[in-house]
Amino acid sequence: MERLAIQKKHMRQVYIRKVVVASIVGAFLSFFVGASALPWLWAVVLLGIHQFPQWHQPGSFPNPLYFIATPNVLLGLGWLLYYLVTFVWAMMTLSARQKAQIRAEIDQKYRQPKDFSDSHSQKQQAPLSEAWPGELKYELVERCYQEYRQALQRYNSPPIDLRTPSRFYYRKGGQLEWIGSMPVLPEHLLTPERIHELLPFLAHHLAYYNSDAPKPDDLNDYPDHVPLAWLLIPTGNFLWLPVKFKHGLEEQLRVDEVAQKKQQVHEADAFAVLLGQGPALEHQLRRMDEEPKQRRQIDRGIPTLSERLGHLEALNKQEREQMRKLGLKPKEPPLVKGDTPRQPGDGMNE
C-alpha cells in the first residue's frame, strides 16, 4: 500500500510539473508576442499604409528574423505582465466547471427527499456510536488485532509492523468505512457469533490505515479557465495553453486513477493475506459473488469480485505451496456455504 501511495503521489507530481512547464511556455510565448510578433505586425501594417498613393514610401517587406533577433524587451515585459495578471486572476476565480462540481457536491451532501416515497428510497444513515475500552465490542475488535499479530509471527521476520487504531465507531446497518483515521464498523458484525465475518474485511481495511500516504498536490491550484477569452486569445495572451493542458491531464488522471483504485484494492487484499485472512476473505467474497449471479446482475465493481477472487486464489495457493515445502499441512479452502453475507464495504472513503 505504501508503494502504491508513493506511486500515486509521484504520478500527480509529474502531472503538476507538466502544468508548470505549460505555464512557463505560455509566459514565454506571451513575452514573444509583445517583444517580437507585435512589432513585426506593426511594421507590416505601416508598410501596407505606405503603399497608398498619398503616403507612398518605398520599402521592403519586414524580415521576421530581424524582430526575433532584436526584440522590444520593454513591450515584451508588458505582455508578460499582462499574462501574469490574468494567470493570477484565473487562479483566484472559479470556472463554470468548478462551480458545477461544487453545486453537485453540495446537492449530494445536503439534498433532502422531495416527498414521502423519496424518504423511503433514500435511507438515512444511523448515528455513530463510539466503542469504549472494556465493553464487549471493543474487546472483540482488539481480539481481531491480536489474531493479525499472531498470524504475522508465522514469518521469520514479520514483513510489516502492524498499526491499529485505538478507537473506533460503529453504527447500525452501515458499511465498514473510515472517517478520517477512525474506522466505522457495522454493528451487526460486532458479536461473538459473527466476528469471523468481520476478521477478513477488517484486515483488508487496515491496509489503508497502515498506508502513510501524504495528501497529494492538487491540480486545482492552477487556472481552470480563461477569463475574457474573446479578448485574451486574439491579443496574444497564452493563458489558454496551461488551461487546455491541465484539462487534458485531468482526463488522463481520471483514467489512471481507475487503474490506481483497482491496484489499491488488490494490494489491500494482499495485506489481508499477510494478516492470515486470505482463505477467510476469499470464502466471504465467494459468498458475496453468489448473489449477483443468482439475480443475473452485472458486477460493475472496480475491480470486479471475480478479479479479486482470482487474485486471492493465486495468493492463497502460493501460501499453501510454501507451507507444503516447509512440511506443514495447509488448511484447504472451504466450500461456499450459508447465506450471502451483507456487503461490509470495498475500500476507504476519501
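The values are calculated or read from the model by the stated rules, or taken from the named source; none is laboratory data. The model shown is predicted, which means the values in this text are computed figures rather than measured ones. Glycine gets a Cβ as well: all are built from the backbone with ideal geometry, and neighbour counts include every protein chain shown.
What the table shows:
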item: Whichever residue in segment 166-194 is among the acidic types (Asp, Glu) and at pLDDT 90 or above and, among such residues, is farthest from the chain's Cα centre (by Cα); result: GLU193
item: Counted residues, segment 273-310 - those being part of a loop (DSSP other than H, G, I, E, B), modelled with pLDDT of 85 or more, farther than 27 Å from MET323 by Cα and not hydroxyl-bearing (Ser, Thr, Tyr); result: 1
item: Test for ILE160: is it in contact with a helix residue (DSSP H, G or I) (Cβ under 7 Å, 6 or more places away or on another chain) and modelled with pLDDT under 90; result: yes
item: Contacts under 7 angstrom Cβ, first residue in segment 110-139 being exposed (fewer than 10 other Cβ atoms within 10 Å of the Cβ) and in a loop (DSSP other than H, G, I, E, B), partner hydroxyl-bearing (Ser, Thr, Tyr) and modelled with pLDDT of 90 or more, 6 or more apart; result: TRP132/TYR138
item: Subset of segment 88-132 [at pLDDT 75 or above, under 30 Å from ASN220 (Cβ atoms) and in contact with a helix residue (DSSP H, G or I) (Cβ under 9 Å, 6 or more places away or on another chain)]; result: ALA90, MET91, LEU94, SER95, ARG97, GLN98
item: Sole exception among (1) touching a Pro at 6+ places or on another chain (Cβ under 7 Å); (2) at pLDDT 80 or above; (3) within 23 Å of CYS144 (Cβ to Cβ); (4) of a type outside the set (A, V, I, L, M, F, W, C) for LYS262, by number; result: (3)
item: Evaluation of GLY248 against (1) in contact (Cβ under 8 Å) with a residue 12 or more places away in the chain; (2) out of contact with any Gly (no Cβ under 7 Å at 6 or more places or on another chain) (one fails), failing number; result: (1)
item: Residue count, segment 223-258 (criterion: within 20 Å of the chain's Cα centre (by Cα) and aromatic (Phe, Trp, Tyr)); result: 1
item: Out of ASN220, ASN237, ASN316, sole residue that is closer than 30 Å to THR93 by Cβ, out of contact with any Lys or Arg (no Cβ under 8 Å at 6 or more places or on another chain) and crowded, with 16+ Cβ neighbours inside 10 Å; result: ASN237
item: Filtered residue count, segment 166-183, keeping only those that are at negative phi and either crowded, with 18+ Cβ neighbours inside 10 Å or touching a residue at least 40 places away in the same chain (Cβ under 8 Å) (or both); result: 12
item: Answer from ARG163, ARG143 - the residue that is out of contact with any Leu (no Cβ under 7 Å at 6 or more places or on another chain), in contact (Cβ under 8 Å) with a residue 24 or more places away in the chain and outside any loop (DSSP other than H, G, I, E, B); result: ARG143
item: Entirely in segment 168-272, the strands (runs of 3 or more DSSP E) that have 1 or more residues that are of a type in the set (Val, Ile, Thr); result: 177-179, 182-186
item: Some residue of segment 195-208 being charged (D, E, K, R) and modelled with pLDDT under 80; result: no
item: Subset of segment 223-234 [crowded, with 18+ Cβ neighbours inside 10 Å and either in contact with a Cys (Cβ under 6 Å, 6 or more places away or on another chain) or under 13 Å from VAL85 (Cα atoms) (or both)]; result: PRO223, VAL226, LEU232
item: Residue within segment 68-78 that is loosely packed, with under 11 Cβ neighbours inside 10 Å, at pLDDT below 85 and in a helix (DSSP H, G or I) present; result: no
